[in-house]
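Input: one structure, supplied below.
Where a number appears in this text, it was derived from the coordinates with a stated rule and is not lab data. Fair warning: this is a prediction, and the values are worked out from it, not measured in the lab. Cβ sites come from the backbone with ideal geometry, for glycine too, and all protein chains shown count toward neighbours.
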Amino acid sequence: MTPESPADAARRNTVGGLYAAAAYLMWGFLPLYFAALAPASAWEVVGWRIVFSLIFCALLILVTRSWGRIVAIARQPRLLALTALAGLLIFVNWQVFLIGTLSHHIIETSLGYFINPIVTVLLGVIVLRERLRPVQWAAIGLAVVAVGVIVAGYGEFPWIAVTLALSFGVYGLVKKRIGPSVDAVSGLTFESLWLVPIAVVELAIVSATSGLTIGTASVGHTLLLVSAGIVTAVPLLLFAAGTRRATLTLVGLLQFIAPILQFLTGWLLMGEQMTSQRWVGFGIVWLALAVLSVDSVVAGRRSRRARGASDVAELT
C-alpha cells in the first residue's frame, strides 16, 4: 500500500473537518428546529424521532443495499448488546435535551455539551484507567468549581446539563467499545430499533392524555415532525465521515461549535436570562475548555514529532 503523502493527509484532514463542522452546525441549530415543533410535547417529539429515524435508516440501507452489514451485526450478541445500551443512552440524551429545549432551558442544555469533553476525559480515567496530565486535572477541577458556581446562580442543581453531559459521554464510551465494527447507519438503525417499544409507549400515553399533534396542527407542522428522522441521521452520518478523515484534535476543537450556537440561541434569540453568577460559572467552564484544548493541541504536536523522529530513526 502506497504511503499517504503530506499533501493528501492535509487534504483529507480538511475535508474531514468540513464534514464534522457541518454536523456540529446542524446540532447547534437543533433548538430552533425543535422549538418550531410546538405544540408537540417533548415526549411526542422523541417518540416520532425514534420511529422516523428507523424508517430513514431503513431507506438508506435499502438504497445502498447494505443489508449484509445488518445481518453481520445481528449474528454477534456482544455488538447487539452494546447497540442496545447505546440506544438507551441516546434515548436519555434526546429526551432530556427536548425537555430542556421546550421548557426554555436552552442555555442549560448548551452547558451540558460544554462540559461533555471534560466528562469524557474523566470517564477515560474511571473506566479506561487512562492517566491524565496535570493540565487535564486542572481543567476538571475548574469544571467542578464552575458547576458549584452555576448551582449557586440557578438556585438548583443543573440536572439537565449534567444528565446531557453524562449520557452523551457514556454513549461515546460505548461507541468507542463498538469501534469500527458498526458503521454509522447500521448503528443508528439498531439503536432506533431497540427504542421502538419505548417510542410506542410514549406515543400511546401522549395520545391517551393530551393527544398527538401530528396531522392535526398543520401540514407544515406534520412535515417538520416527519423530518425528525432526517434531522437526526444526517448530522450523525456527517460526523462519522468527519471523524474517519480528520484528526481527533481538529474534531475536538470543532465540537464547541454546537454548544456555542445553542448558547447564543437561548440567550439572544429565545431571551433566556444570564445572571452574573451564570456568567461567572460559564466563564470558568470556558476557561477549563480553553486549557483542555491548548493541552490537546500541544500533546498532539508532541505526538506527531515523536512519530516523525521514530520514522527517521527506523530509516537510518
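At least 2 residues that are among the small types (Gly, Ala, Ser) and within 30 Å of Ile284 (Cα to Cα) in each: list the helices (runs of 4 or more DSSP H) lying fully within the stretch 153-271 that qualify.
Because the criterion is at least 2 residues that are among the small types (Gly, Ala, Ser) and within 30 Å of Ile284 (Cα to Cα), the helices (runs of 4 or more DSSP H) in the stretch 153-271 that meet it are 159-178.
Counting only residues that are closer than 24 Å to Ile178 by Cβ, of a type in the set (Asp, Glu) and touching a Lys or Arg at 6+ places or on another chain (Cβ under 6 Å), give me the helices (runs of 4 or more DSSP H) lying completely in the stretch 16-109 with at least 1 of them.
none
Still on this model: Considering only the stretch 137-158, how many residues are of a type in the set (Phe, Trp, Tyr) and within 21 Å of Val121 (Cβ to Cβ)?
1
In the stretch 38-51, is there at least one residue being surrounded by fewer than 18 Cβ atoms within 10 Å (Cβ to Cβ) and within 17 Å of Thr101 (Cβ to Cβ)?
Yes, the stretch 38-51 contains at least one residue that is surrounded by fewer than 18 Cβ atoms within 10 Å (Cβ to Cβ) and within 17 Å of Thr101 (Cβ to Cβ).
A quick yes/no check of all residues on (1) free of Cβ contacts under 8 Å to residues at least 12 places away in the same chain; (2) over 20 Å from the mean Cα position of the chain (by Cα); (3) exposed (fewer than 15 other Cβ atoms within 10 Å of the Cβ):
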{"position": "Phe114", "(1), (2), (3)": "no, no, no"}
{"position": "Thr120", "(1), (2), (3)": "no, no, no"}
{"position": "Pro134", "(1), (2), (3)": "yes, yes, yes"}
{"position": "Trp137", "(1), (2), (3)": "yes, yes, yes"}
{"position": "Ala146", "(1), (2), (3)": "no, yes, no"}
{"position": "Ile150", "(1), (2), (3)": "no, yes, no"}
{"position": "Val174", "(1), (2), (3)": "no, no, no"}
{"position": "Gly187", "(1), (2), (3)": "no, no, no"}
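Take Leu203 and decide whether it is farther than 23 Å from Ala23 by Cβ and touching a helix residue (DSSP H, G or I) at 6+ places or on another chain (Cβ under 6 Å).
yes
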